[in-house]
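Trainee: Questions regarding the structure given below will be posed in turn.
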Amino acid sequence: MNDERLRQRLREGDPATGENGLNPGEIHAMRRAVLAAAPEPRRRLLPALALAGAAAAILIALFALRPGPVQPPAPPRIAAVPAQPQVPAPPALQQASAPRTEPPAPGEKKKRPIQRRRHLRAAREETATLASREPAGNPPAEPGARQIQFSTPGGTRIIWTLTSGKASR
Amino acid sequence: MDTSRQRTTTERLAGLFDAHHQRLFRLALRLSPDREEAHDLVQEAFLRAARQPASMPDGAEEAWLVRTLVNLCRDRYRRLGVRSRVHESLRREEETAHPEAAAVARATVRAALARLAPRRRAVIVLHELEGMPAREVARLLGIAEVTVRWHLLTARRELARVLLEDRR
């Protein structure tokens with residue numbers, strides 16, 4: 001039996017021929033049943049809302065019970081500055097500490113490295129401290145004499161007394 | 001908003017039912033052994049659409065309904081078993097067979113179709129009796145076109161064998 005003959009036989013005996021289809025009563029009943037089976041949106045939304053609420057509560061509880069992040073110890077503020085021997089204050093240092101009358105050149109502040117400024121400030125402070133102390137064994141400075149004191153990294157304290165014409169150490 | 005959505009869903013379902021119920025019933029008549037089962041299959045397909053309206057893609061509702069109908073046929077076929085299904089079909093046809101030639105031919109074809117697996121039966125019915133091209137059948141059933149062609153080839157062989165046996 002070839003395909004054409006088979007097709008002809010199938011069409012001759014098509015189960016749908018001679019059937020009138022659904023009658024109006026069947027159609028009406030089926031339509032009503034189908035439309036009644038459509039889910040109500042409110043009923044559909046309730047479980048979804050409940051689920052969302054439960055999920056939110058769980059998330060809040062998890063956040064509340066989570067241990068806080070451990071704060072690392074604050075690094076020392078000068079940690080980034082490498083320890084360097086203190087620079088002895090040059091004789092011109094006191095002049096540098098004097099207030100400047102000239103306005104700084106533009107960009108000068110940026111050019112000077114911050115590390116250098118710190119060293120200078122430390123040296124100035126130390127000089128001022130030493131100058132304020134009156135060393136016991138040192139002879140009193142003569143009036144009009146100029147004294148410069150500083151200490152070396154090894155701890156040796158050096159005092160220069162500048163008088164007019166000669167210098168004593 | 002809920003009410004409007006409900007109304008939209010209901011309107012969509014009503015529109016689908018009005019547009020496709022006759023066509024689906026005709027297909028169900030060709031796939032199932034009797035009218036009652038065809039009626040049940042169509043109703044069940046629409047009930048599934050009503051319960052899961054979101055699962056029907058927009059613009060492809062007809063294909064979804066046809067696939068659902070064929071899947072329902074497969075479920076019933078599996079539940080009842082091939083042998084009992086064929087025997088029951090043949091018995092029903094004998095009971096209701098009319099002496100007229102057309103009725104005999106219908107009974108013979110229906111019995112032959114009942115021997116095919118549901119998907120193969122759907123493929124041969126859609127292609128040979130509803131005149132759909134293989135590509136359209138593939139789209140409706142959600143399978144590859146080459147699979148449709150393979151089902152057609154196998155179904156023709158099986159039907160030819162059954163119809164020749166019946167003639168003897």
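Trainee: Among the residues of the range B:31-73 satisfying the criterion of being within 11 Å of chain A (Cβ to nearest Cβ) and assigned to a loop (DSSP other than H, G, I, E, B), which is surrounded by the most Cβ atoms within 10 Å (Cβ to Cβ)?
Mentor: B:SER32
Trainee: With a cut-off of at least 3 residues that are facing chain A (nearest Cβ under 10 Å), name the helices (runs of 4 or more DSSP H) lying wholly within the range B:93-163.
Mentor: By residue number, B:101-114.
Here is a yes/no grid of residues against (1) within 7 Å of chain B (Cβ to nearest Cβ); (2) at pLDDT 85 or above; (3) in a loop (DSSP other than H, G, I, E, B):
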residue: A:ARG5; (1), (2), (3): no, yes, no
residue: A:ARG11; (1), (2), (3): yes, yes, no
residue: A:VAL34; (1), (2), (3): yes, yes, no
residue: A:ARG44; (1), (2), (3): no, no, no
residue: A:ALA50; (1), (2), (3): no, yes, no
residue: A:GLY53; (1), (2), (3): no, yes, no
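Trainee: Mind counting the residues in the range A:13-32 that are modelled with pLDDT of 90 or more and either surrounded by 15 or more Cβ atoms within 10 Å (Cβ to Cβ) or within 7 Å of chain B (Cβ to nearest Cβ) (or both)?
Mentor: Result for the range A:13-32: 4.
Trainee: Tell me which residues, restricted to the range B:1-30, are modelled with pLDDT under 90 and more than 7 Å from chain A (Cβ to nearest Cβ).
Mentor: Answer for the range B:1-30, where residues must be modelled with pLDDT under 90 and more than 7 Å from chain A (Cβ to nearest Cβ): B:MET1, B:THR3, B:SER4, B:ARG7, B:THR8, B:GLU11, B:ARG12.
Trainee: Kindly indicate whether B:VAL146 is among the aliphatic types (A, V, I, L, M), more than 17 Å from B:LEU24 (Cα to Cα) and modelled with pLDDT of 90 or more. Walk me through it before giving the result.
Mentor: Values: among the aliphatic types (A, V, I, L, M): yes; more than 17 Å from B:LEU24 (Cα to Cα): yes; modelled with pLDDT of 90 or more: yes.
Here the answer is yes, as B:VAL146 does meet what is asked.
The values are calculated or read from the model by the stated rules, or taken from the named source; none is laboratory data. Predicted, not measured: the structure shown is a model, and the values here were computed from it. Positions of Cβ are generated from backbone atoms using ideal geometry, with glycine treated the same way; all protein chains shown enter the neighbour counts.
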